[in-house]
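Peer 1: Before I ask anything, here is the structure I am working with.
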Amino acid sequence: MSSPNAESTAFRSALEVIRAVEPRVADAIGAELADQRESLKLIASENYASPATLLAMGNWFSDKYAEGTVGRRFYAGCQNVDTVEALAAEHARELFGASHAYVQPHSGIDANLVAFWAILADRVESPALKRAQVRQVNDLTEEDWFALRRELGDQRMLGMSLDAGGHLTHGFRPNISGKMFDQRSYGTDPATGLIDYDRVAEAAREFRPLILVAGYSAYPRKVNFRIMREIADSVGATFMVDMAHFAGLVAGKVFTGDFDPVPHAHIVTTTTHKSLRGPRGGMVLCGPELADQVDRGCPMVLGGPLPHVMAAKAVALAEARRPDFADYAQRIVDNAQALAEGLLRRGATLVTGGTDNHLVLIDVSGYGLTGRQAEQALLDSGIVTNRNAVPQDPNGAWYTSGIRIGTPALTTRGLGTAEMDATAELIHTVLSQTTPGSNADGTPSKAKYVLDPALADKVSRQATDLLSTHPLYPSVTLA
Ligand code: PLP
């Protein structure tokens, strides 16, 4: 471990250098640290990367173009980029037990695009090239090229519905994936809120998708990937898992066996910045069958890789391979369960009645609120969350009826189960004392709410007290 002194010196020096050019940027960076230190962050998709990870991103790698793959670049002088990309991929393979890792995607959406196009290339483009007896698309006749483009655009995907917790990038119309694929979704059982695997199998039999996608951004339970793979196999679909949210729980061996996607899926995508606690970015894992297609991510859907971010991925993945990361991952789940129990005990309604992972979904209609009202009232009280649809949400995706909360960030700060119970008390206090507001014409509003500012202040102070015993980046002092 580096000394706290070294970390403070590094960040202070960086800010001094930035301040000399544009002081407002230096001030904003300092203010962001101050804000993060003060807020009770319960956003399930956010975390706090280590000083080493953060520092690995601010350097000369940012200047380098390195299209291609390790040892096979379209630019000269990539030997140092090769070093960090190879290291990041090696750490990823070892950490997740995958035979191939592609660490270039700039984000989760990019990782998913790489995976979709690797599958399309393997299942649609390659057979078309074979049929036409040519090696590459440039050799196709105009007629065959036209036919292939039509065929690529006429494929099916089955993914989890948005209101059940799926993600926009799994074939929904506002996202490019929904424009690329004919998408159908599977939901959850209305009675239990859980995935009904028989219904998924039925939907797969009826729809015959090319790709079956599992993974979520707001489902508070484990998914049985062995069963999902069996369903995919039964209809000849490629099974893809987007583990963006729970990659840290896979890395920390909290999700093993049927609940570890890597041995079961043909291809796995992830972000690196959520529960995995790395830099903002994405990654794809797969077996040898799809490796070559995945490695064509650049130039297929990506431009030049971000070598400074790949360097930071290598650092964060090295951290995740340390034994203490498994302890961290287990504490994330222990904390989420303590938070869920604390909320349930105080009368909150939770989707699925609890959690197996890092997130909890509160159905705030139980408090007579929309998600938007609840989110704002909590924010006024120093608690940062985000609103989220619940299954069959009557308030739609904008106002919603849910609040999604997650524990990766607070767990990184060192908060434990006792503090989670105190957090549940703060959340319940705010939600139970907030009432829906009305519009100027007296009709009920889905956005306005009434909360006594004195109560919001009091809760804010209690949240600050809770955080004060677990300072964020204790090793870093900027003043
Ligand atoms: N996939 C899932 C399941 C996600 O939750 C997210 C982000 O919220 C993404 C993909 C997209 O990640 P990014 O924001 O890095 O593009």
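The values are calculated or read from the model by the stated rules, or taken from the named source; none is laboratory data. No experiment lies behind these values; they were computed from the predicted model shown. Virtual Cβ from ideal backbone geometry, glycine too; neighbours counted across all protein chains shown. When the accessible area is computed, the model is the full protein with side chains, heavy atoms only, and any ligands, DNA or RNA have been set aside. Shrake-Rupley method; radii C 1.70, N 1.55, O 1.52, S 1.80 Å.
Peer 1: Test Val476 against the stated conditions and say whether it is open to solvent by less than 40 Å² (accessible area, probe 1.4 Å) and at pLDDT below 95. Full working, then the answer.
Peer 2: Values: open to solvent by less than 40 Å² (accessible area, probe 1.4 Å): yes; at pLDDT below 95: yes.
Criteria met by Val476.
Peer 1: If the Cβ limit is 7 Å and pairs must be 6+ apart or interchain, which residue in the stretch 270-288 that is among the basic types (Lys, Arg) and away from the ligand (no atom under 11 Å from the Cβ) pairs with which residue that is part of a loop (DSSP other than H, G, I, E, B) and open to solvent by 10 Å² or more (accessible area, probe 1.4 Å)?
Peer 2: Arg277/Asn47; Arg277/Ala49
Peer 1: Now, a different point. Of the conditions (1) over 20 Å from Pro279 (Cβ atoms); (2) modelled with pLDDT of 95 or more; (3) small (Gly, Ala, Ser), Ala44 clears all except one; give me its number.
Peer 2: Against the list (1) over 20 Å from Pro279 (Cβ atoms); (2) modelled with pLDDT of 95 or more; (3) small (Gly, Ala, Ser), Ala44 comes up short only on (1).
Peer 1: What pairs come up if the first residue lies in the stretch 89-115 and is of a type in the set (Lys, Arg), the second is more than 8 Å from the ligand (Cβ to nearest atom) and in a helix (DSSP H, G or I), and their beta carbons are under 9 Å apart, counting only those six or more places apart or on different chains?
Peer 2: If the second residue must be more than 8 Å from the ligand (Cβ to nearest atom) and in a helix (DSSP H, G or I), no pairs are left.
Peer 1: Turning to a different aspect of this structure: Here is a check on your reading of the model: is Ala203 assigned to a helix (DSSP H, G or I) and either of a type in the set (Asp, Glu) or on the phi < 0 side of the Ramachandran plot (or both)? Spell out the reasoning first.
Peer 2: Values: assigned to a helix (DSSP H, G or I): yes; either of a type in the set (Asp, Glu) or on the phi < 0 side of the Ramachandran plot (or both): yes.
Yes, satisfied.
Peer 1: Go through the stretch 87-121 and count every residue that is away from the ligand (no atom under 15 Å from the Cβ), open to solvent by 40 Å² or more (accessible area, probe 1.4 Å) and closer than 22 Å to Gly71 by Cα.
Peer 2: 5
Peer 1: Also, quick follow-up: Going through the stretch 42-75 one residue at a time, which ones are of a type in the set (A, V, I, L, M, F, W, C) and either open to solvent by 60 Å² or more (accessible area, probe 1.4 Å) or away from the ligand (no atom under 16 Å from the Cβ) (or both)? First the steps, then the outcome.
Peer 2: Step one: list which residues in the stretch 42-75 are of a type in the set (A, V, I, L, M, F, W, C), which gives 42-44, 49, 52, 54-57, 60-61, 66, 70, 74.
Hits for the stretch 42-75 are Ala52, Leu54, Leu55, Ala56, Trp60, Phe61, Ala66, Val70, Phe74.
Peer 1: Could you list, in sequence order, the residues of the stretch 411-444 that are of a type in the set (A, V, I, L, M) and either part of a helix (DSSP H, G or I) or modelled with pLDDT of 95 or more (or both)? Outline the logic, then answer.
Peer 2: To start, the set of residues in the stretch 411-444 that are of a type in the set (A, V, I, L, M) comprises 415, 418, 420, 422, 424, 426-427, 430-431, 440.
Residues satisfying the conditions are Leu415, Ala418, Met420, Ala422, Ala424, Leu426, Ile427, Val430, Leu431.
Peer 1: Separate question: When Asp163 is evaluated against the numbered criteria (1) within 16 Å of the ligand (Cβ to nearest atom); (2) open to solvent by less than 10 Å² (accessible area, probe 1.4 Å); (3) part of a helix (DSSP H, G or I), which criterion, by number, is the only one it fails?
Peer 2: Exception for Asp163: condition (2).
Peer 1: Ok, one more. Looking only at the stretch 311-325, which residues are open to solvent by less than 40 Å² (accessible area, probe 1.4 Å) and either away from the ligand (no atom under 16 Å from the Cβ) or over 22 Å from Pro408 (Cβ atoms) (or both)?
Peer 2: Residues satisfying the conditions are Ala311, Ala314, Leu317, Ala318, Glu319, Ala320, Phe325.
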